[in-house]
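The values are calculated or read from the model by the stated rules, or taken from the named source; none is laboratory data. Because the structure is predicted, anything quoted here is derived from the model rather than measured. All Cβ positions, glycine included, derive from the backbone under ideal geometry; neighbour counts span all protein chains shown.
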Ligand SMILES: *Cc1c(COP(=O)(O)O)cnc(C)c1O
């Protein structure tokens, strides 16, 4: 029996209705931008396996660094001990994060980075003797699948069974260039009527919402109001971090810097799961006290796993090389050219680009998990390109190491599939 058949016996996949979608393709190998399935077919991974493997799959430099670390120190409890990979990673991250960031807290995935950020903001005020119990979030943001993260996510795709158990969240619209006044008024009203602890947002690009892009200036007006009113700001850079938007972080482009930043996905270049919640020294200081209970009693067993830290260190090194920075620029320019070409296609409603991200909205109604989306996914796979449309939106977010030929093939495949609709 092949993988696909054996899989059906005991496995339960995420984001899947097994009754209607029983098959999962067996992948046996991934190298650079190429995935190989169990039948020997190859696919260009044009979305970097959910925005993680930005330096290509099984990157030789990163895997060799991880292998060295594995032989030296594998896992150690971070509540009692420290180690070189964690210390070094904190030093390297502080060098590239927005200047106001000074503390690095470890978690193990994007959702738990968000949970830690939410808890930091709540306890920051609790420790100061202020009761604040509300968060503000964008209408269609996505921040993960654990309860706190689910609560702040406006994109409630099938949150039905859990809605009664979610936190109290106030929502504001995402800036669209014309609604700044409305947002400002709504924000002021929420702040005056509730005890708001923080505002959480995906800076510049809302990933799961369909790679929706908003302007740095518009986001900045919102953050400025939060700052004036002592509402802590939490930038969820789980998707945008580490070069996706052109800069190392999306927040680099926004004048007002966040108090807390959540990082994951490309942090470890797709090798192993890890995440980080960074914050300002001011937030950290609110947890210092002779009273032990004012400390941050939040921990994951694999916090600061040395192997994961070594993967992150190697990828941060690569990110800062001229070669990778040039590639990011190249992908950005190529996306803009292709976008100008494809935006007049009869099946295209609009296109948008930010950094290595290109999104194309179709002028048909696909539905988030509808049949057109399934058909598109299959057509792309038949052509040897892995693209996973989000409802009406086809997007690419290729590894920074994608070759010119692979990128061209991705574009021509999109065009060909659109022509066939
Ligand atoms: C993917 C994602 C998360 C959740 O990360 P997981 O590792 O899947 O828990 C949170 N926020 C954003 C912006 C994401 O893109």
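Please state which one of 92, 139, 115 is away from the ligand (no atom under 16 Å from the Cβ) and either within 27 Å of residue 285 (Cβ to Cβ) or touching a strand residue (DSSP E or B) at 6+ places or on another chain (Cβ under 7 Å) (or both). Spell out the reasoning first.
Values: 139 fails: away from the ligand (no atom under 16 Å from the Cβ); 115 fails: away from the ligand (no atom under 16 Å from the Cβ).
Among 92, 139, 115, only 92 is away from the ligand (no atom under 16 Å from the Cβ) and either within 27 Å of residue 285 (Cβ to Cβ) or touching a strand residue (DSSP E or B) at 6+ places or on another chain (Cβ under 7 Å) (or both).
Does at least one position in the stretch 151-172 carry a residue that is within 15 Å of residue 214 (Cα to Cα), in contact with a helix residue (DSSP H, G or I) (Cβ under 7 Å, 6 or more places away or on another chain) and in the same structural domain as residue 276 (by TED's automatic domain parsing)? So that I can check it myself, show each step before the final result.
Step one: of the stretch 151-172, the residues within 15 Å of residue 214 (Cα to Cα) are 172.
Filter once more, keeping what is in contact with a helix residue (DSSP H, G or I) (Cβ under 7 Å, 6 or more places away or on another chain): 172.
Imposing the further condition that a residue be in the same structural domain as residue 276 (by TED's automatic domain parsing) reduces the set to 172.
Within the stretch 151-172 (the criterion being within 15 Å of residue 214 (Cα to Cα), in contact with a helix residue (DSSP H, G or I) (Cβ under 7 Å, 6 or more places away or on another chain) and in the same structural domain as residue 276 (by TED's automatic domain parsing)), the answer is yes, since at least one residue qualifies.
So residue 242 clears everything in (1) closer than 25 Å to residue 397 by Cα; (2) in contact with a strand residue (DSSP E or B) (Cβ under 6 Å, 6 or more places away or on another chain) except one condition, right? Which one?
So the condition that residue 242 fails would be (2).
Among the residues of the stretch 402-421, write down those that are crowded, with 20+ Cβ neighbours inside 10 Å and part of a loop (DSSP other than H, G, I, E, B).
Listed by number, the list holds a single entry, 402.
Which residues, counting only those in the stretch 143-187, are in a helix (DSSP H, G or I), more than 16 Å from the ligand (Cβ to nearest atom), closer than 23 Å to residue 122 by Cα and without any contact (Cβ under 8 Å) to a residue 40 or more places away in the chain?
Answer for the stretch 143-187, where residues must be in a helix (DSSP H, G or I), more than 16 Å from the ligand (Cβ to nearest atom), closer than 23 Å to residue 122 by Cα and without any contact (Cβ under 8 Å) to a residue 40 or more places away in the chain: 163, 164, 165, 186.
Being farther than 19 Å from residue 342 by Cβ and within 23 Å of the chain's Cα centre (by Cα) is the filter here; which residues of the stretch 387-411 pass it? It would help to see each step written out before you state the result.
Going through the stretch 387-411, the residues farther than 19 Å from residue 342 by Cβ turn out to be 399-401, 403.
Within the stretch 387-411, 399, 400, 401 qualify.
Just a yes or no: is a residue in the stretch 36-48 touching a strand residue (DSSP E or B) at 6+ places or on another chain (Cβ under 8 Å), closer than 16 Å to residue 266 by Cβ and within 16 Å of the ligand (Cβ to nearest atom)?
Restricting attention to the stretch 36-48, the residues satisfying the condition of being touching a strand residue (DSSP E or B) at 6+ places or on another chain (Cβ under 8 Å) are 36-38, 42-47.
Still in the running and closer than 16 Å to residue 266 by Cβ: 45-47.
Those still in the list that are within 16 Å of the ligand (Cβ to nearest atom) too: 47.
Yes, because at least one residue in the stretch 36-48 is touching a strand residue (DSSP E or B) at 6+ places or on another chain (Cβ under 8 Å), closer than 16 Å to residue 266 by Cβ and within 16 Å of the ligand (Cβ to nearest atom).
Does at least one position in the stretch 192-199 carry a residue that is more than 15 Å from the ligand (Cβ to nearest atom), assigned to a helix (DSSP H, G or I) and in the same structural domain as residue 236 (by TED's automatic domain parsing)?
yes
In this structure, does residue 329 turn out to be in the same structural domain as residue 21 (by TED's automatic domain parsing), at pLDDT below 95 and surrounded by fewer than 16 Cβ atoms within 10 Å (Cβ to Cβ)? Full working, then the answer.
Numbers: in the same structural domain as residue 21 (by TED's automatic domain parsing): yes; at pLDDT below 95: no; surrounded by fewer than 16 Cβ atoms within 10 Å (Cβ to Cβ): yes.
The answer is no for residue 329.
Just to check your reading of the model, which residue among 304, 286, 308, 314 is in contact with a strand residue (DSSP E or B) (Cβ under 7 Å, 6 or more places away or on another chain) and modelled with pLDDT of 95 or more?
Working: 286 fails: in contact with a strand residue (DSSP E or B) (Cβ under 7 Å, 6 or more places away or on another chain); 308 fails: in contact with a strand residue (DSSP E or B) (Cβ under 7 Å, 6 or more places away or on another chain); 314 fails: in contact with a strand residue (DSSP E or B) (Cβ under 7 Å, 6 or more places away or on another chain).
One residue alone meets the criteria, 304.
Search the stretch 118-129 for residues being in contact with a helix residue (DSSP H, G or I) (Cβ under 9 Å, 6 or more places away or on another chain) and touching a residue at least 40 places away in the same chain (Cβ under 8 Å), and hand back the single one that is surrounded by the most Cβ atoms within 10 Å (Cβ to Cβ).
Of the stretch 118-129, the ones in contact with a helix residue (DSSP H, G or I) (Cβ under 9 Å, 6 or more places away or on another chain) are 118-121, 123-124, 126-127.
Filter once more, keeping what is touching a residue at least 40 places away in the same chain (Cβ under 8 Å): 118-121, 123-124, 127.
Details: 118: 27, 119: 16, 120: 25, 121: 25, 123: 20, 124: 24, 127: 19.
Across the stretch 118-129, the extreme among qualifying residues is 118.
Any residue that is modelled with pLDDT of 95 or more and within 14 Å of the ligand (Cβ to nearest atom) - is there at least one of those in the stretch 118-130?
The answer is yes, given that some residue of the stretch 118-130 is modelled with pLDDT of 95 or more and within 14 Å of the ligand (Cβ to nearest atom).
Filter the stretch 188-199 down to the residues that are out of contact with any strand residue (DSSP E or B) (no Cβ under 7 Å at 6 or more places or on another chain) and touching a residue at least 24 places away in the same chain (Cβ under 8 Å) and list them by number. So that I can check it myself, show each step before the final result.
We begin by selecting, within the stretch 188-199, every residue out of contact with any strand residue (DSSP E or B) (no Cβ under 7 Å at 6 or more places or on another chain); these are 188-189, 191-193.
Listed by number, the residues that qualify are 188, 191.
Can you tell me how many residues within the stretch 200-215 are near the ligand (Cβ under 9 Å from one of its atoms) and either free of Cβ contacts under 8 Å to residues at least 40 places away in the same chain or assigned to a loop (DSSP other than H, G, I, E, B) (or both)?
3
Between a residue in the stretch 358-375 that is crowded, with 20+ Cβ neighbours inside 10 Å and any residue that is modelled with pLDDT of 80 or more and part of a helix (DSSP H, G or I), which pairs come within a Cβ distance under 6 Å, given they are 6 or more apart or on different chains?
Once the first residue is crowded, with 20+ Cβ neighbours inside 10 Å and sits in the stretch 358-375, its partners that are modelled with pLDDT of 80 or more and part of a helix (DSSP H, G or I) give 358/335; 358/339; 366/372; 366/373.
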